Amino acid sequence: MSEAELQSLTTMEAMATGLPVVAVDAYALGELVRHEENGFLARPGQAAEVAAYLDLLCREPGLRARMSAASLRIISNHERLRLLAEWEFLYRTLAPTVPAER
């Protein structure tokens with residue numbers, strides 16, 4: 001586990017397979033992992049906290065199932081074509097229109 005993930009593909013892949021996630025609360029991981037919704041965010045440098053969250057997930061099948069469903073729902077908002085269309089809309093909205101040269 002890294003403390004410096006920007007947009008963690010590993011985290012996104014785990015979520016896309018329906019897994020709850022235990023991650024360190026750093027950089028963009030807080031946008032993917034919503035504490036107590038689809039996983040847990042531990043404080044950087046707190047290995048015991050990570051272990052406790054993993055232990056909790058191992059002991060609570062209902063919690064795992066609820067968080068698994070939430071991971072699938074959250075990651076569905078990161079679908080590539082939808083995100084590209086959203087970014088293109090933002091660029092077109094914010095960028096000035098440049099007339100074509102004749």
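Contour minus end-to-end for M12 and A95, with contour as 0.36 nm per residue of separation and end-to-end as the Cα-Cα distance?
The span from M12 to A95 would gain 26.9 nm if fully extended.
Per residue, how many Å² of accessible area does the chain show with a 1.4 Å probe? Before the final figure, lay out each step's value.
Working: 7170 Å² over 102 residues.
Here the residues of the chain average 70 Å² of exposed surface.
Out of residues 5 or more away from A42 or on other chains, whose amide H comes under 5 Å of its own, with H placed 1.01 Å from N in the peptide plane?
Distant-sequence amide H within range of A42: A23, V24, D25.
Quick one: length gained pulling A52 to L81 fully straight, 0.36 nm per residue minus the C-alpha distance?
That pair, A52 and L81, stretches by 6.8 nm at full extension.
Nearest 500 deg cm²/dmol is fine: what mean residue ellipticity at 222 nm does the chain get from its DSSP H runs of n ≥ 4 alone, each adding -39,500 (n - 2.57), divided by its residue count? Walk me through the numbers on the way to the answer.
Working: 5 runs with 56 residues, N = 102.
Using -39500 (n - 2.57) per qualifying helix, the result is -16500 deg cm²/dmol.
Specify the residue with the greatest mean-square fluctuation among R66, R80, R43, computed from a Gaussian network of the chain linking alpha-carbon atoms under 10 Å apart.
Its mean-square fluctuation being the largest, the pick is R80.
For segment 32-44, what does the Karplus curve 6.51 cos²θ - 1.76 cosθ + 1.60, with θ = phi - 60°, yield as ³J(HN,Hα) per residue in whole Hz, taken in order and with x for Gly and Pro?
8, 9, 9, 3, 6, 9, 10, x, 9, 10, 8, 6, x
Can you match mean projected area of the Cα convex hull in nm² to one of these, (1) 7.8; (2) 8.2; (3) 14.1, based on a calculation from the structure here?
Read-out taken from this structure: (2).
The values are calculated or read from the model by the stated rules, or taken from the named source; none is laboratory data. Given the structure is predicted, the values throughout are model-derived calculations rather than measurements. Only protein heavy atoms, including side chains, enter the accessible area calculation; ligands, DNA and RNA are left aside. Shrake-Rupley method; radii C 1.70, N 1.55, O 1.52, S 1.80 Å.
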